[in-house]
Amino acid sequence: MSNSLVRIALIGTAAGFFSGLFGVGGGTVMVPLLIVWFGYGEREATGTSLMAIVLIAAAGTTIQSFYGNVHPLKALIVGAPAIAGVPGPCCQAAATFAPKGTRLKVLMFVTSHGS
C-alpha cells in the first residue's frame, strides 16, 4: 500500500477515534491533517471531509436502521431546523468561498468555537 493511502487511513482512524472519545466532529481532525499532510487547500480539505462525513453517516444510518433505531420523521423534524437555524455552519460554508487568508481562518475559528 502506498504511503499516501496509509496516511489517509490514519487520518480516518484518528478522526473516528477522537470523535468517539471526545464527541467532536471528525472534520475537526480530518481538515487540519489533510492540509498539513497532503497540502490540500482549505476548500479542498473541507469538501473532502464533508464527503467523508456523508459516507460515514450513510453507513451508520443503515446499520442503526437494522436495529429499528431510525425514525425518519423525527430526524426530519430535528434536522431541517438545525440546517436552517444554526448560524455557525452556515457561516463556515459561506466562508469557504471567501478569499484565502487570515480572515477566513479567524471566521472559521470563531464560528466553530463560539457556541
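The values are calculated or read from the model by the stated rules, or taken from the named source; none is laboratory data. From a predicted model like this one, the values you see are computed outputs, not experimental measurements. Neighbour counts are summed over all protein chains in view; Cβ atoms, including those assigned to glycine, are modelled from backbone coordinates with ideal geometry.
Observations on the structure shown:
- When segment 52-105 is limited to residues that are in a loop (DSSP other than H, G, I, E, B) and modelled with pLDDT under 70, the one that is surrounded by the most Cβ atoms within 10 Å (Cβ to Cβ) turns out to be T96.
- Among the residues making up segment 12-39, those that are under 13 Å from I56 (Cβ atoms) and in contact with a helix residue (DSSP H, G or I) (Cβ under 6 Å, 6 or more places away or on another chain) are A15, G26, G27, V29, M30.
- Hey, G12 within 25 Å of G79 (Cβ to Cβ) and not in a helix (DSSP H, G or I) or not: no
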